[in-house]
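Comments concern the structure below.
Computed from the coordinates by the stated procedures, all read-outs in this text should not be read as laboratory data. As the structure is a computational prediction, the values presented were derived from the model and not from experiment. In this analysis, Cβ positions are derived from the backbone assuming ideal geometry, glycine residues included, and neighbour counts consider all displayed protein chains.
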Amino acid sequence: MKKTLNDKLSDYLEIENKIEEQSKEIIEKQKNNIEQYSTRDQRSQDLFDDYNDHRDTLKDLVSMGQESLASLIQLAKESEHPRAYEVAGQLMKTTGELTKDLIELQLTMNKIENTKDGGKPAKVTNNAIFVGNTNDLLETLRGKNREEKSDE
């Protein structure tokens, strides 16, 4: 009897090769009462949740920065150390940038919401260009005036 690849590997690795086939039962999938969302609805919800989380985090950071800044300014006044004033200045700058980030978050969210489902229509400008000389233009205008008068 010819050895299979599995038998050869088993002999080489000195292990027993006992492959047993097991019967598998087919289980029907149970129906669940969980409402499934479409990807568009889920994405919209995720976007809203992320926006709220980001906004709350920025607001908390600004609040903590303001509290820390008040304490740091008090410390700088008491110690009159130049490094304390330097750190207070950096904290002021960082807190200011965080408030700026809050505004940018609002603008970004506004852009995202306006681009959903096509958003606002783009401004369309139609420019008519006449190619010709002034005589052609006058003849065209006179011809239109004559046609309008004859129609009345």
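Which value in nm describes the separation of the simple spin-label points at Val124 and Lys59, placed 7 Å from the Cα toward the beta carbon?
Each label point lies 7 Å from its Cα, and together they span 4.2 nm.
Using a Cα distance threshold of under 20 Å, what count of lysine pairs results for region 41-114 when pairs must be 8 or more residues apart or interchain?
Lysine pairs satisfying the spacing and distance rule in region 41-114 number 4.
State, to one decimal in nm, how far the label point of Val87 lies from the label point of Leu13, with both points 7 Å from Cα in the Cβ direction.
6.1 nm
Using Cα-Cα distances under 8 Å and only pairs 6 or more residues apart, what relative contact order does region 42-102 have, in percent?
After rounding, I find 43 percent.
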